[in-house]
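First comes the structure, then the notes that go with it.
The values are calculated or read from the model by the stated rules, or taken from the named source; none is laboratory data. All values reported here derive from a predicted model rather than from experimental measurement. For neighbour counting, all protein chains shown are included, and Cβ atoms are generated from backbone atoms with ideal geometry for every residue, glycine included.
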Amino acid sequence: MAFASLKLHASLQRGLKDLGFTRPTPIQMDAIPPALEGRDLLACAQTGSGKTLAFLLPILNHLMDQKRGVTRALVLTPTRELAAQIVEDMNEVSTHTPLTAAAVYGGVGMGPQEHAFRTGVDVLVACPGRLLDHFRQPYAKLEHLEYLVLDEADRMLDMGFLPDIKRVLRHLPPRKQTLFFSATMPTPIAALAHELLKSPATINLERKAAPAQGITQAVYPVPQELKGELLLALLSRGDMKEALVFTRTKHRANRLAEFLSKRGISTERIHGNRSQQQRTKALEGFKDGTYRVLVATDIAARGIDVTALGHVVNFDVPNVPEDYIHRVGRTARAELTGEAYTFVSADEEAELRAIEKAISRRLQRVTLPDFDYHAKAAAKLEIPLAERIAAIRAKKAEDRARAAAKLARRDGTQAGQGARSAPSARSAPRGGASHAGGARPASSGTAARRGEDSPYASPGQVDPRSRSGPRRRRGGGGNGPRRGPHA
């Protein structure tokens with residue numbers, strides 16, 4: 001079947017031809033016809049299957065004859081990168097149409113997004129959290145909305161967005177059509193789909209999640225501390241022109257990017273602690289070849305779409321099989337081919353077995369010739385978890401001991417000062433002759449003003465901050481009249 005047989009608008013057909021798309025992928029063949037008929041859609045679609053055009057093309061086709069200036073379609077996505085990618089895909093395929101789109105996500109200013117609401121772009125592609133921020137403002141009204149798409153619904157569930165999605169839905173008017181796409185169909189997602197959809201056309205609901213057919217998968221057993229050296233060796237052989245590398249944590253992403261950069265491999269990283277500007281710049285640099293390697297955490301596993309990406313490397317084995325499927329799905333997109341390598345240390349074998357069980361196949365084990373698997377690592381990319389916990393506990397114990405010692409010293413100092421000042425207060429004679437130098441002790445009111453910590457609280461000393469200084473006696477009488485202050 002060719003795209004020409006799908007009865008799409010001529011301007012969209014022209015855009016597809018410019019992009020070199022001549023025939024639809026399986027998910028597009030199954031989804032586009034019922035969506036063009038106006039039916040709701042519930043589809044399970046794997047990463048890299050072409051599902052973005054499967055929901056964009058029918059919506060754009062419906063919008064071609066609509067009046068401009070109001071937003072009629074909303075696409076909800078879990079990540080910023082995916083939102084930006086969908087807008088980019090739409091702009092490319094609709095280049096010969098007047099249709100407009102805008103992305104709405106956090107990490108950037110709200111001004112341009114507000115402008116998109118006020119001018120009424122045809123399609124909004126939004127992350128739920130930032131969309132709710134806009135809904136608090138009077139300009140963010142979508143009363144003309146007709147089409148709703150939930151893309152990567154299971155990922156939004158994983159990221160805790162389900163309550164936000166339900167809050168978003170309360171802001172939306174009744175719709176003509178809802179399209180629901182998810183790689184898997186867990187119970188909460190199935191319940192949400194049942195709530196939203198009316199007699200939907202269903203696609204691949206019984207399909208088991210698995211990587212795309214064009215991906216060559218391999219496992220490299222390697223000690224944890226030598227993973228960086230193994231990746232460097234693979235890159236140095238020249239077989240990998242570029243690679244998207246996934247790590248378990250943001251810290252490891254930073255350290256790995258630094259490790260490769262110092263060894264002459266142009267590398268950038270992308271994760272949740274990076275600003276949106278940094279993330280966008282890193283992704284664009286990877287796409288245009290400025291960076292040979294992009295190191296990422298799972299936040300980017302759904303949203304990075306690089307044409308003909310040849311290699312994906314799981315530097316760390318993902319904790320759940322679904323993340324493995326979505327990671328390796330960054331390659332072999334749109335029925336192309338690619339390779340996915342997974343580095344497995346001894347303590348990650350259990351996670352690997354779970355992945356193999358989920359995809360119903362044992363992955364090939366590979367060793368790199370001439371690589372020293374017994375070498376001593378130059379430096380650790382990350383301190384092991386047990387060592388980090390032990391260091392944190394030791395630091396807390398040290399802090400507690402320091403605080404206890406400080407409290408003991410303070411209590412001892414106060415007790416000593418109290419012992420020295422108490423006898424002088426009890427034995428102070430009423431006459432002034434017995435005081436050294438004729439000085440009278442400070443009055444009780446002065447002592448109270450000075451406080452217990454005054455350095456002048458010992459017998460025979462006078463607080464210079466007090467107005468009562470040393471007094472001279474007239475003659476030898478201890479209780480005779482005193483001279484005035486100007487004597």
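List the helices (runs of 4 or more DSSP H) inside the stretch 94-187, counting only whole elements, that have at least 3 residues being in contact with a Gly (Cβ under 9 Å, 6 or more places away or on another chain). Give the derivation first.
Details: elements: 111-119, 128-135, 153-158, 162-170.
By residue number, 128-135.
A Cβ distance below 9 Å, combined with a sequence gap of six or more or placement on separate chains, defines the contacts here; from the stretch 323-348, residues that are buried (at least 20 other Cβ atoms within 10 Å of the Cβ) reach residues that are in a helix (DSSP H, G or I) and at pLDDT below 70 in the pairs ARG330/ALA300.
ASP89 satisfies every condition listed in (1) modelled with pLDDT under 95; (2) over 16 Å from CYS127 (Cβ atoms); (3) in a loop (DSSP other than H, G, I, E, B); (4) touching a helix residue (DSSP H, G or I) at 6+ places or on another chain (Cβ under 8 Å) except (3). Looking only at residues that are under 23 Å from the mean Cα position of the chain (by Cα) and not hydrophobic (A, V, I, L, M, F, W, C) in the stretch 160-183, which one is nearest to CYS44 (Cα to Cα)? So the residue we want is SER182. Listed by first and then second residue, the pairs linking a residue in the stretch 259-278 that is among the aromatic types (Phe, Trp, Tyr) to a residue that is surrounded by 14 or more Cβ atoms within 10 Å (Cβ to Cβ), with Cβ atoms under 6 Å apart and 6 or more places separating them unless they lie on different chains, are PHE259/GLY228.
Taken over the stretch 157-166, the criterion of being surrounded by 15 or more Cβ atoms within 10 Å (Cβ to Cβ) and charged (D, E, K, R) is satisfied by ASP158, ASP164.
Determine, yes or no, whether LEU368 is assigned by TED's automatic domain parsing to the domain that holds ILE265, aliphatic (A, V, I, L, M), surrounded by fewer than 19 Cβ atoms within 10 Å (Cβ to Cβ) and modelled with pLDDT of 90 or more. Judged against the criteria, LEU368 is a match. Just one of (1) part of a helix (DSSP H, G or I); (2) farther than 21 Å from LYS7 by Cβ; (3) touching an Asp or Glu at 6+ places or on another chain (Cβ under 8 Å) fails for VAL75. It is (1). Residues that are more than 28 Å from GLY20 (Cα to Cα) and β-branched (Val, Ile, Thr) within the stretch 83-126 comprise VAL104, VAL108, THR119, listed in sequence order. Of the residues examined, LYS51 is one that is of a type in the set (D, E, K, R), at pLDDT below 90, touching a strand residue (DSSP E or B) at 6+ places or on another chain (Cβ under 8 Å) and not assigned by TED's automatic domain parsing to the domain that holds PRO321.
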